[in-house]
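This report concerns only the one structure given below.
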């Protein structure tokens, strides 16, 4: 009899494991960040590296072993249903993909209430948006969630989050949050969004009585992947104030004294998961696909029946591509099937779609050219999106941050000003509303195109009054005027600063990050990937030197990045020696003379001034730099003479020891 409770728990766990694994994909975005592109096509069908976004999401769920997928759609529902029916998912039985349409949805909360009303969900399910890209294994997260549910049915939800540096490019600008977690159980006891304004975090003393150790984390990226119990849709039904799953539901549950429900986090570190929430994220995730962070979801997997091959450095070409002899593909480039590119054309950090015709003497940088685009001779396209069927006539320059929607034509000899948004649809619409094409055609016939917006032979209208804000809690209409859509890592969507109400929810950070910062991020990503994959020092040096020449950097830039990145592996004195023995040689390879070594020591000092844990280890780090031959005595002496402050003072005994050792050696 003493073993009965244990047997019962095991039986409960077995029942849960044997239940059908279900996922809910919310195909609508419920914001307006991709306008005017989403006037004509839903976001989940927009191409990322020439593959519709929803393909990444469904492939991730299929790999996770999901058996039933419910795709909930509202705007452009007919397009989504038609695509899924004609795709490989239409014939799939494992997983089986089902679509549900509701024209009345305005939020994720509405979608969950609709599913609850239909009584479709009988067990725990995975909740994602139709624009999630991930290669993580969900097995451990599911096991943790199920184990908690066996012990306590109030553990209703597990959020997948990724630990990453503040500069990580998949951190959606303006979407940062603070998580207060139980250090032992990863229960989330408080959550605060840092948008639209940074807030003070107040922790109730009762939290410390209930939890012996709490972590306040601002280094977590919300992957927008949730494992939910069937209680979650029911709770949305009970409270119609729950619209956004983070801002309203998570915060409401955690602050409720009545419900007693628990939400936990599953933290990932070495796998990939991100959501294309904005044009900034569209660019970042596109770059990550090309850089192979999303493997096996990379172009040469050819899930769409293409025939891509991978060439160094990160260039992917379909076998049917036609390149002239003088064509130059620099790096991070995807070129789709049956595309032809003319002589003396240079393409870098860009994706080119299918059946495109690109002329000669063209420069394309940091841009996304979709299918059936025609680009004439002597054009320059900087960090912009050109949708299907766009025609760019000879001599056109498209400045950064521009979006040319479907079928737009510009030129010839014309400049599209930065952050322009051009569309054949003249009227203003919302992202999640179906556009009336007949009305648009009628308007187009009645009015000529403005040459100042699209050029002499151009076709299209400039969209100057697209709204990029959702209703707030008080149902006030925010009319934030968009100045831009951005794409490359340094082009980001933003509202005109003085036109945005501080409660606006969907603002993107539109700051233009300069080229040097982008290069530093690339260096960090390269070093971090090398650590994860345990590359040799020689291979890392080769990769960093390649980036150095490609981005016109110097060795100081590499040292400035390498020092904090190497030390990020150091958590205490015990890991310091192991880390520097393994990776200290990387620092030594970029500090070969006295001047370089002095620079290395100065970078180390500045880093330790901003990192209390490493400041405590400063002298130990200096000692290891000496013992591992990273720096020589003279470099330490010069640094000590030039330096001042507490760190210098703490190093005095070490310097004295070095001086005495040198004197003894001389004797």
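The values are calculated or read from the model by the stated rules, or taken from the named source; none is laboratory data. Since the structure is predicted, the reported quantities are computational estimates derived from the model, not experimental observations. Virtual Cβ from ideal backbone geometry, glycine too; neighbours counted across all protein chains shown.
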Worksheet item: Hey, residue 70 hits all of (1) modelled with pLDDT of 90 or more; (2) in a helix (DSSP H, G or I) but one; which does it fall short on?
Response: (2)
Worksheet item: When the residues of segment 118-132 are filtered to those that are assigned to a loop (DSSP other than H, G, I, E, B) and under 25 Å from the mean Cα position of the chain (by Cα), which remaining residue is surrounded by the fewest Cβ atoms within 10 Å (Cβ to Cβ)?
Response: 130
Worksheet, complete the sentence: residue 287 meets each of (1) within 26 Å of residue 219 (Cβ to Cβ); (2) more than 23 Å from the chain's Cα centre (by Cα) with one exception, condition (2)
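Could you look through segment 563-589, keep only residues that are free of Cβ contacts under 8 Å to residues at least 40 places away in the same chain and in contact with a helix residue (DSSP H, G or I) (Cβ under 6 Å, 6 or more places away or on another chain), and pick out the one that is surrounded by the fewest Cβ atoms within 10 Å (Cβ to Cβ)?
Ranking the candidates gives 569 first.
Matching residues to (1) in contact with a strand residue (DSSP E or B) (Cβ under 6 Å, 6 or more places away or on another chain); (2) modelled with pLDDT under 70:
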| site | (1), (2) |
| --- | --- |
| 134 | yes, no |
| 137 | no, no |
| 155 | yes, no |
| 174 | no, yes |
| 178 | yes, no |
| 183 | yes, no |
| 197 | no, yes |
| 200 | no, yes |
Worksheet, complete the sentence: Wholly inside segment 568-667, helices (runs of 4 or more DSSP H) that include 1 or more residues that are at pLDDT 90 or above and under 32 Å from the mean Cα position of the chain (by Cα) are 573-589, 594-609, 612-616
Worksheet item: Looking at (1) over 17 Å from the mean Cα position of the chain (by Cα); (2) crowded, with 16+ Cβ neighbours inside 10 Å; (3) under 28 Å from residue 28 (Cα atoms), which is the one condition that is false for residue 297?
Response: (1)
Worksheet item: When you go through (1) at negative phi; (2) not in a helix (DSSP H, G or I) one by one for residue 248, which number turns out not to apply?
Response: (2)
Worksheet item: Is it true that residue 277 is surrounded by 24 or more Cβ atoms within 10 Å (Cβ to Cβ) and assigned to a loop (DSSP other than H, G, I, E, B)?
Response: yes
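Do we find that residue 306 is within 30 Å of residue 412 (Cα to Cα) and either in contact with a strand residue (DSSP E or B) (Cβ under 7 Å, 6 or more places away or on another chain) or surrounded by fewer than 17 Cβ atoms within 10 Å (Cβ to Cβ) (or both) in this structure?
no
Here's the yes/no breakdown for (1) in a strand (DSSP E or B); (2) at pLDDT below 90; (3) surrounded by fewer than 18 Cβ atoms within 10 Å (Cβ to Cβ); (4) touching a strand residue (DSSP E or B) at 6+ places or on another chain (Cβ under 7 Å):
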| residue | (1), (2), (3), (4) |
| --- | --- |
| 10 | no, yes, yes, no |
| 24 | yes, no, no, yes |
| 57 | no, no, no, yes |
| 78 | no, no, yes, no |
| 81 | no, no, yes, yes |
| 84 | no, no, no, yes |
| 103 | no, yes, yes, no |
| 111 | no, yes, no, yes |
| 116 | no, yes, no, no |
Response to the item:
Given (1) assigned by TED's automatic domain parsing to the domain that holds residue 46; (2) touching a residue at least 60 places away in the same chain (Cβ under 8 Å), residue 295 misses just (1)
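Looking at segment 332-355 only, could you name the residues that are free of Cβ contacts under 8 Å to residues at least 40 places away in the same chain and closer than 28 Å to residue 519 by Cβ?
Kept after step one, since they are free of Cβ contacts under 8 Å to residues at least 40 places away in the same chain, are these residues of segment 332-355: 335, 337-348, 350, 352, 355.
Those that are free of Cβ contacts under 8 Å to residues at least 40 places away in the same chain and closer than 28 Å to residue 519 by Cβ: 335, 341, 344, 345, 346, 347, 348, 350, 352.
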Response to the item:
Flagged in segment 223-238 as assigned to a loop (DSSP other than H, G, I, E, B) and touching a helix residue (DSSP H, G or I) at 6+ places or on another chain (Cβ under 7 Å), in numbering order, are 229
Response to the item:
Matching residues in segment 150-173 (more than 21 Å from residue 56 (Cβ to Cβ) and surrounded by fewer than 20 Cβ atoms within 10 Å (Cβ to Cβ)) number 9
Worksheet item: What about residue 283, is it outside the structural domain of residue 62 (by TED's automatic domain parsing) and at pLDDT 85 or above?
Response: yes
